[in-house]
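Okay, so here's the structure we're looking at.
The values are calculated or read from the model by the stated rules, or taken from the named source; none is laboratory data. Every value quoted in this text rests on a predicted model; they were computed, and no experiment measured them. Here the Cβ is made from the backbone with ideal geometry for all residues, glycine too, and neighbour counts use every protein chain on show. The area values use the complete protein model at the heavy-atom level, side chains included, leaving out ligands, DNA and RNA. Shrake-Rupley method; radii C 1.70, N 1.55, O 1.52, S 1.80 Å.
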Amino acid sequence: MMAGKLFGTTGVRKVYGTEFDLSMALGLGKALGTYLGEGTVVVARDVRTTGPMIEDALSAGILSTGVNVVKAGMIPTPTLAFITKQRRYNTGLMVTASHNPPEYTGVKFWGPNSMGYTPDMENEIERIYSEKTFQVAKWNNLGEEQSIDNAVEEHIASILERIDSKKIESREYNIIVDPGNGAGSVLTPYLMRRLACKVISINSQPDGYFPGRASEPDEESLTDLIKVVKDTGADLGIAHDGDADRVVFVTERGEVIRGDRTIALLAREELKRSKEKTIVTTVDSSKVLDETVEEAGGNAVRTPVGDIQVAIKMSETGAAFGGEAAGVFIFSEFHHAPEPFLAACKILELMASTGQTFGDLISEIPAYPLRKAKMNCSNSKKGAVMAILTESLPKVMEDTVEVITVDGIGISLKDGWVLVRPSGTEPIIRITCEASTEKQVEKILTEAKAEMERAIGGF
Ligand code: MG
């Protein structure tokens, strides 16, 4: 078994069998129970084939420390975070590898305020895990185990309290839902039906093989959804990743809309009614978000990639709304985890109150050309490659204006920007760039890729 750090960008995410096994899950459960000392942990899982046994191993570890376990079953990650806060559990544990391929597994930690564990908290768990200084309860002092089966229903009820459902119901929208065989299958179609929408679901049998499509919802993986939306003349397409903490929307014309544009659209509405003027997003969001937010009288603040980074910054700044370009939306008034379901409802509410289609609404937020690429780079080389690029990339890029190192290497250029950052979970380095024109964005990407090839090839 590979030694080394357990935690990546967000929680633990590893390949089952080669990087992660049941004994590690057991140890992680013991470490968490020791860290908490007492109380109750709610444990849930997404649809992965490895989920039930990893959930059991984690639970066994927690119980052995004298901490109680409540099992919430197969539910979306946001539902786990919601129920952790709602029922005041001491921690929520989600067994998930988010949008990674099916052989991956992982664990995500949520605090009692529904905020993800901070890196400091994760480091502390990791320390206890590796030192094996576990709290051991005697036979008559073990934790107790319970199950609940109504977390989704509670979550739906709480979402519905936050929107004008009558207004949405009156429109009888046609919605196509594509949960990608993930955990969203058990929530989104039912939430839409509660709003009197006519729902067609595709890829909506929960299945850890992810037979329908790749788990990450993007233009490439959503071709079926695009087709069904267009063929049926639906009003909106809704797609999730494996654990349904992300959502991507498809217009009635079959366009897949990038998360940062949707954040901009919802931020504009949020700024109209909120006293809080800060909107938080990650370094990889489009400049259209800053422009839209500024026009609406707010200011956009950038954080490193990861929904927990967004949540931390939101609570620091008192921001009401924030999100990630990958399809994360956080409403701090509700809880501090991604809330894709409320985001979907807010879009329907906006459509219903304006009488406009989603395609018309989103067309008010310009789409600047954006390119993404990834390059293979083994985890052991990443540090050295990034060190070289930090030096060389700002020099080789034409028209470098500013170098931002809040996460990876961000370079703002006279027209556009480029962001290079190593994946926290996979052996790749990602490049994202944006500019005003297609020609310019291609030029930026070509320059950046050439320099990265040089850097990676040097090892
Ligand atoms: Mg996810």
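Could you list all residues from region 215-262 that are within 16 Å of the ligand (Cβ to nearest atom), charged (D, E, K, R) and surrounded by 20 or more Cβ atoms within 10 Å (Cβ to Cβ)? Residues satisfying the conditions are 216, 241, 243, 245, 246. Is it fair to say residue 136 is touching a helix residue (DSSP H, G or I) at 6+ places or on another chain (Cβ under 8 Å) and more than 26 Å from residue 47 (Cα to Cα)? Yes; evaluated as a whole, the condition is true for this residue. Is it true that some residue in region 289-307 is in contact (Cβ under 8 Å) with a residue 40 or more places away in the chain, open to solvent by 10 Å² or more (accessible area, probe 1.4 Å), polar (S, T, N, Q) and not assigned by TED's automatic domain parsing to the domain that holds residue 429? Yes; the residues of region 289-307 include at least one that is in contact (Cβ under 8 Å) with a residue 40 or more places away in the chain, open to solvent by 10 Å² or more (accessible area, probe 1.4 Å), polar (S, T, N, Q) and not assigned by TED's automatic domain parsing to the domain that holds residue 429. Of the helices (runs of 4 or more DSSP H) that lie entirely inside region 13-107, those containing 3 or more residues that are within 16 Å of the ligand (Cβ to nearest atom) and under 27 Å from residue 185 (Cβ atoms) span 77-86. Looking only at region 356-372, residues that are outside any loop (DSSP other than H, G, I, E, B), more than 26 Å from residue 278 (Cβ to Cβ) and open to solvent by 20 Å² or more (accessible area, probe 1.4 Å) come to 3 in all. Listed by first and then second residue, the pairs linking a residue in region 77-94 that is under 16 Å from residue 121 (Cβ atoms) to a residue that is aliphatic (A, V, I, L, M) and part of a loop (DSSP other than H, G, I, E, B), with Cβ atoms under 6 Å apart and 6 or more places separating them unless they lie on different chains, are 81/337. Say whether the condition of being outside any strand (DSSP E or B) and within 16 Å of the ligand (Cβ to nearest atom) is met by at least one residue in region 263-280. The answer is no; no qualifying residue exists.
Here residue 10 fits the description: hydroxyl-bearing (Ser, Thr, Tyr) and within 23 Å of the chain's Cα centre (by Cα).
Scanning region 421-429 for residues that are among the small types (Gly, Ala, Ser) and at pLDDT below 90 turns up at least one hit. For residue 124, the criteria (1) assigned to a helix (DSSP H, G or I); (2) within 15 Å of the ligand (Cβ to nearest atom) hold in every case but one, which is (2). The condition (being touching a strand residue (DSSP E or B) at 6+ places or on another chain (Cβ under 6 Å), open to solvent by 10 Å² or more (accessible area, probe 1.4 Å) and over 15 Å from residue 256 (Cα atoms)) is satisfied by just one residue among 339, 324, 316, 349: 324. Residue count for region 108-121, restricted to those that are more than 14 Å from the ligand (Cβ to nearest atom) and open to solvent by 10 Å² or more (accessible area, probe 1.4 Å): 7.
Among the criteria (1) away from the ligand (no atom under 16 Å from the Cβ); (2) in contact with a helix residue (DSSP H, G or I) (Cβ under 8 Å, 6 or more places away or on another chain); (3) in the same structural domain as residue 27 (by TED's automatic domain parsing); (4) over 23 Å from residue 314 (Cβ atoms), the one residue 130 does not fulfil is (2). For region 375-423, which residues satisfy the criterion of being within 27 Å of residue 13 (Cα to Cα), touching a strand residue (DSSP E or B) at 6+ places or on another chain (Cβ under 8 Å) and part of a loop (DSSP other than H, G, I, E, B)? Correct list: 377, 406, 407, 408, 423.
For region 42-89, the tally of residues that are open to solvent by less than 10 Å² (accessible area, probe 1.4 Å) and either among the polar types (S, T, N, Q) or at pLDDT below 95 (or both) stands at 5.
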